[in-house]
Structure formats: structure tokens, C-alpha cells
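Trainee: This is the structure I want to talk about, given as C-alpha cells.
The values are calculated or read from the model by the stated rules, or taken from the named source; none is laboratory data. Predicted, not measured: the structure shown is a model, and the values here were computed from it. Glycine gets a Cβ as well: all are built from the backbone with ideal geometry, and neighbour counts include every protein chain shown.
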Amino acid sequence: MLYCKGVAGSKVVEIDEEHTRDLWIYDNLVVPNVSRDVEHYQDPVDRVMSGVCSYNEMVEYFNKRANLSGNVPLGSFNAAFSFTGSKHVDSAATKTLCMDGYFIPLSKFELTKPSLVLHESVKRAVSTTWDPPALASFIENFGTHVITSVTIGGKDGGDPSLFSSQGVYPQPASAPSLGGNAKEDVTVIFRRRGGDDLEQSHIQWGKTVKYSPDVIAMSFVPITSLLEGLSGKEHLTRAIDLYLEYKPQIEELRYFLEFQVARMWAPLQDRPAGHQRKEPVCPSLQFSMMGQKLYVSQDQISVGRKPVTGIRLCLEGSKHNRLAIHIQHLQSLPKILRPYWDTHVAIGAPKWLGPEEQDSRWFEPVKWKNFSHVSTAPIESPEAFIGDSCGVHIVTGAQLGVWDFGSRNVLYMKLLCSRLPGCTVRRSLWDHSPTGNSKRSTDTGNSVGDSSSGSGSNNKLAKFVDTSEMSKGPADPPGHWVVTGGKLGVEKKKIVLRLKYSLLNY
């Protein structure tokens with residue numbers, strides 16, 4: 001109940017308040033003036049055992065108990081297992097879950113009205129367009145579900161959880177850990193609701209439940225199921241679905257929604273299937289005396305006034321022997337950036353930034369000192385400082401190049417930086433972790449076909465290039481990162497790409 005929305009006394013659905021009566025519950029307690037749309041029941045004491053479940057199975061189990069379908073995790077589910085709320089993060093770090101507990105219900109109050117109708121004030125708050133501030137305000141004020149029943153009483157039980165060996169979840173100090181298999185982390189989380197928590201004995205604790213009951217179960221109806229006939233329902237439904245899937249902090253929700261537009265990779269693949277264009281003349285790298293040459297595309301890739309959210313290295317060409325750089329960007333400009341970055345706003349010419357050719361401090365060999373190197377100098381605008389009121393410079397383009405020093409030629413990268421006035425940098429970080437899923441569902445375009453992967457078993461150059469996608473999207477809290485810098489590097493005899501991401505104040 002802690003996360004219920006609205007002020008005390010406010011209603012999300014219409015309830016008959018003219019016809020009321022007193023409800024007698026346990027121990028002759030009386031709840032006065034209860035609407036006739038609300039009924040009272042008392043369920044029997046029950047032991048609940050879920051069995052061993054996968055993450056998604058346990059989500060569905062919790063949802064079924066709350067009269068919901070689907071596998072979007074509820075807040076009660078996240079609280080039971082001390083999860084972050086991000087389905088993508090939690091499911092990746094969890095192997096199996098199970099629940100075993102006793103429920104002592106004292107009273108159940110249920111909204112029995114056959115057809116629920118949203119209150120007029122709620123209907124008026126539904127935005128008719130994709131308006132992130134209004135949509136975020138709706139979710140903050142009214143939530144995502146209507147509570148249709150509440151059960152009070154006591155619950156006593158444990159939630160044994162089998163996490164992956166990475167151990168990404170620091171468990172509470174009160175949760176004992178059972179270490180049977182060194183490769184697995186088993187955590188048992190004991191939770192009580194209601195009653196006197198100081199009572200160690202389950203039997204003695206059960207006797208105290210009626211003196212200090214708590215909410216132990218609820219059922220819900222999604223607000224989206226009550227929007228039929230309302231203009232703008234598709235926008236609110238999409239906003240709620242995104243919020244439930246990624247669970248950004250409520251104070252970040254507006255900015256999160258602003259950035260949930262289609263993403264695509266540049267350059268686009270525009271040649272017909274089966275057509276092979278003439279291979280361009282490119283400089284090359286070589287990593288050993290008899291090694292195969294890696295050609296480097298020097299095409300300048302720029303996306304104009306569209307925020308860049310990721311960059312990747314690719315192996316192109318029929319032989320997978322041409323190194324290229326691709327950019328992931330938002331397909332359209334978020335509304336929040338239009339006052340500062342629309343086509344009519346003067347921002348000055350963008351600037352290409354890159355390392356100094358003579359600065360050998362940053363040169364690192366890929367394999368041998370006498371062969372090709374990489375310039376690992378970080379590239380970012382010197383004017384992009386946290387809190388700088390003159391605006392920020394964000395990446396809008398990229399290019400690879402080669403300095404010819406004979407057999408010790410050097411690969412380098414340049415970035416195109418464009419000024420974004422009216423905004424400041426809130427926080428920045430250098431991220432060395434590639435995207436977990438290189439084929440994200442948010443990608444609406446791809447710059448390459450089958451020839452770009454370079455992952456064929458007979459491609460000897462693939463072992464020298466890390467082609468992982470470096471990007472941040474909705475699954476990376478708070479979900480509105482932009483690229484403000486980058487650098488090449490060498491790790492384990494492999495050319496890698498690292499990016500600097502920033503959150504902005506708008």
C-alpha cells in the first residue's frame with residue numbers, strides 16, 4: 001500500500017457512495033459507511049508452496065494470485081525477492097525461485113461492481129497525443145493498476161532464491177545464505193507481514209496477527225483495460241507498458257519516455273540483395289608479416305541533429321576484410337530537445353575532433369610492436385563540462401582513418417560533435433560493457449547485411465576486431481543516455497571501442 005497513488009479519499013473508478021452500510025469483521029470490529037460495491041469475505045488459513053520456478057514462471061505465479069495475466073513483474077514480486085524492478089536485469093541474474101509460506105487471512109475486502117468505470121477526473125487526464133510530461137504525470141498521479149481487493153492478516157514464510165554465480169544482488173544482512181554448491185548462490189529470504197515480529201515461534205506469532213494485521217494480498221485490474229473509447233488510449237497504454245517493463249525511477253519517467261522513439265543504425269543498407277558494389281580503395285592494417293590485411297573504410301558517417309545512443313565496429317565486404325564504423329541514433333528528435341535543436345535553431349557548425357598524429361603516447365600495438373597500432377586517445381569536446389551553462393557538445397558522427405607510418409601504421413577514430421544549447425551535463429561515465437543483446441528489438445534499421453558480421457569460422461580477421469554493439473537504451477537506467485565521447489583501445493590483441501555516455505539537464 002506504500003506505493004498507492006493519489007491523495008487520501010481520491011478515487012480512480014466510480015463507486016456508489018450514496019448507498020453504504022457498516023461491515024462487521026473479525027472480533028466484532030466494525031468498518032462504518034462502506035459502499036455497497038464493496039463486499040467482505042474471510043478466507044481460510046492456507047499454506048502456499050509455489051514449487052521451483054524460473055523467473056518468468058514465478059512472475060506469472062504472482063500475477064495469477066493477483067488476478068492478472070502476463071509476465072510483467074508486480075511490485076509485490078520485486079519486494080518478495082529483493083529485486084531491482086528491472087525485468088531485464090533481474091531475469092538475467094536469476095536461475096530459479098520458489099516460495100513457501102503460511103497465510104492467515106482475517107478479512108478480505110473486494111470491489112464487486114460488475115463493470116468498472118474510470119472517474120471523470122482520470123479520463124480528463126488521459127493525453128490525446130504522445131506527450132511525455134502528461135503521460136508521466138498520469139502514471140505518477142494514478143498509477144498503472146486499480147486495486148480490486150485487499151486481504152489483511154499475517155504472512156510468515158521464506159522465499160528461497162537461486163541466483164547466478166555472478167552474485168549481482170547484495171542481499172540484506174538479515175538474509176542467511178546457504179552455500180551448498182560453490183558455483184551457485186542460494187539465498188533464503190524470511191519475511192513476515194503482520195503480527196508481532198518479535199515472536200520467534202510461528203504458533204505464538206500467529207496468535208498476535210489479529211492485534212496487528214497487515215496487507216498480505218491484493219488483486220488488480222490494469223487501468224489500460226478501462227480505457228476503451230477514450231481518445232489517446234494507445235499512447236497511455238504504450239507509456240504504461242514501457243514503464244512496467246523497464247521500471248525507471250518515477251522522477252526520471254518523463255525523460256525516459258522522451259527517448260522511447262525508434263532507433264536505427266547509420267549508414268543504411270540500400271543496395272539490392274545479391275548486388276555487390278565495387279570494393280572501395282582503402283588504407284589497410286597488418287598485424288604480422290604474413291598476416292591478412294584489414295582494410296579500413298574512411299567514410300564519414302553523420303546523422304545531423306539526432307542524438308547518438310551507440311556506436312559499433314563492423315567487418316564489411318564480401319571477404320569480411322573491411323573495417324567500418326556504424327552509429328545508432330534516434331530516428332526522430334525527442335520533443336524535449338526541439339526548442340534547443342530543431343532545424344531553425346542556430347547552433348554553429350559541428351566540429352570533427354580526433355587525436356594528434358604526432359602524439360605517440362596513445363599508440364598501442366594490436367599484436368606486434370613492428371606492425372599496426374591503434375591510437376587509444378579519448379575523444380570528447382573540451383567544452384563539454386558538467387554544469388556548463390553554455391550548452392553541451394554531443395556526438396553526431398564518426399569516422400575511422402589510418403596514419404601511414406609504413407608497417408607501423410596507426411588506426412584512429414574521429415568524432416563529429418554538435419553543440420546542444422540550453423542543456424547541461426548532469427552525469428557522465430565511460431562504459432566498457434557491450435550491449436547484452438546485439439539485436440535489440442528497438443533497432444528499426446540495420447546498416448549492413450550478412451556481409452557485415454565477420455563471424456564466419458574462416459574469417460581470420462574477426463579475432464582482431466570486437467564487433468560488439470556499444471549502446472545504451474531503455475534497459476540502461478534511467479534510459480535517456482546520449483554519447484558524448486569515445487575512444488579505440490586494444491584488449492587481448494583485439495581492437496575495441498569504448499564510449500562515454502552522458503545524462504543531460506534539459
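Trainee: State yes or no: is ASP100 touching a helix residue (DSSP H, G or I) at 6+ places or on another chain (Cβ under 8 Å) and over 23 Å from LYS247 (Cα atoms)?
Mentor: In short, no.
Trainee: Moving on. Mind checking whether some residue in the range 289-303 is assigned to a strand (DSSP E or B) and within 23 Å of ASP476 (Cβ to Cβ)?
Mentor: Here is the first cut: in the range 289-303, the ones assigned to a strand (DSSP E or B) are 294-296, 301-302.
Filter once more, so that each one left must be within 23 Å of ASP476 (Cβ to Cβ): 301.
Yes - at least one qualifying residue is present in the range 289-303.
Trainee: From the list GLU279, GLU258, exactly one residue is more than 30 Å from SER115 (Cα to Cα) and either basic (Lys, Arg) or modelled with pLDDT of 95 or more (or both). Which is it?
Mentor: Numbers: GLU279 fails: either basic (Lys, Arg) or modelled with pLDDT of 95 or more (or both).
The match here is GLU258.
Trainee: Now for a different question. In this structure, does TYR295 turn out to be in the same structural domain as GLY489 (by TED's automatic domain parsing) and modelled with pLDDT of 95 or more?
Mentor: Details: in the same structural domain as GLY489 (by TED's automatic domain parsing): yes; modelled with pLDDT of 95 or more: yes.
The answer is yes for TYR295.
Matching residues to (1) at pLDDT 95 or above; (2) touching a Phe, Trp or Tyr at 6+ places or on another chain (Cβ under 7 Å); (3) closer than 25 Å to TYR295 by Cβ:
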position	(1), (2), (3)
LEU353	yes, no, yes
GLU357	no, yes, yes
VAL366	yes, yes, yes
HIS373	yes, yes, yes
PRO378	yes, no, no
PHE385	no, no, no
ILE394	yes, no, no
GLY397	yes, no, yes
LEU400	yes, no, yes
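Trainee: Determine whether ARG361 is loosely packed, with under 12 Cβ neighbours inside 10 Å and part of a helix (DSSP H, G or I).
Mentor: For ARG361, the condition - loosely packed, with under 12 Cβ neighbours inside 10 Å and part of a helix (DSSP H, G or I) - is met.
Trainee: Here's another thing I want to ask about it. Name the residue, out of SER69, SER82, SER115, SER76, that is out of contact with any Asp or Glu (no Cβ under 7 Å at 6 or more places or on another chain), part of a helix (DSSP H, G or I), surrounded by fewer than 20 Cβ atoms within 10 Å (Cβ to Cβ) and of a type in the set (S, T, N, Q).
Mentor: SER76
Trainee: A further question on this structure: Out of everything in the range 85-102 that is crowded, with 20+ Cβ neighbours inside 10 Å and more than 25 Å from GLN249 (Cβ to Cβ), what residue ends up being farthest from the chain's Cα centre (by Cα)?
Mentor: Going through the qualifying residues, I end up with GLY101.
Trainee: Another question about this same structure. Among the listed residues SER86, SER91, which satisfies the condition of being more than 30 Å from LEU23 (Cα to Cα), assigned by TED's automatic domain parsing to the domain that holds LEU244 and without any contact (Cβ under 8 Å) to a residue 60 or more places away in the chain? Show your work before the answer.
Mentor: Details: SER86 fails: without any contact (Cβ under 8 Å) to a residue 60 or more places away in the chain.
None of the others qualify; the one that does is SER91.
Trainee: Just the residues that are closer than 16 Å to THR148 by Cβ and either out of contact with any Phe, Trp or Tyr (no Cβ under 7 Å at 6 or more places or on another chain) or assigned by TED's automatic domain parsing to the domain that holds GLY479 (or both), please, taken from the range 34-83.
Mentor: VAL34, SER35, ARG36, ASP37, GLU39, TYR41, ASP43, ASN63, LYS64, ARG65, SER69
Trainee: Sort out which residues of the range 317-365 are in contact with an Asp or Glu (Cβ under 6 Å, 6 or more places away or on another chain) and within 25 Å of SER418 (Cβ to Cβ), and write them in order of number.
Mentor: Hits for the range 317-365 are ALA324, PRO334, ILE336.
Trainee: Filter the range 223-261 for residues that are part of a helix (DSSP H, G or I), within 18 Å of ASN71 (Cα to Cα) and not polar (S, T, N, Q) and give the result. Write out each step before concluding.
Mentor: Taking the range 223-261 first, the residues part of a helix (DSSP H, G or I) are 223-226, 233-246, 250-258.
Remaining after also requiring within 18 Å of ASN71 (Cα to Cα): 223-225, 237-246.
Hits for the range 223-261 are ILE223, ARG238, ALA239, ILE240, ASP241, LEU242, TYR243, LEU244, GLU245, TYR246.
Trainee: Let me ask something else. Just a yes or no: is a residue in the range 51-58 closer than 28 Å to VAL209 by Cβ, surrounded by fewer than 16 Cβ atoms within 10 Å (Cβ to Cβ) and without any contact (Cβ under 8 Å) to a residue 12 or more places away in the chain? Walk me through how you get there before you give the answer.
Mentor: Let us first name the residues in the range 51-58 that are closer than 28 Å to VAL209 by Cβ, namely 51, 53, 58.
From what is left, the residues that are surrounded by fewer than 16 Cβ atoms within 10 Å (Cβ to Cβ) are 51.
Those left that are additionally without any contact (Cβ under 8 Å) to a residue 12 or more places away in the chain: none.
Scanning the range 51-58, I find no residue that is closer than 28 Å to VAL209 by Cβ, surrounded by fewer than 16 Cβ atoms within 10 Å (Cβ to Cβ) and without any contact (Cβ under 8 Å) to a residue 12 or more places away in the chain, so the answer is no.
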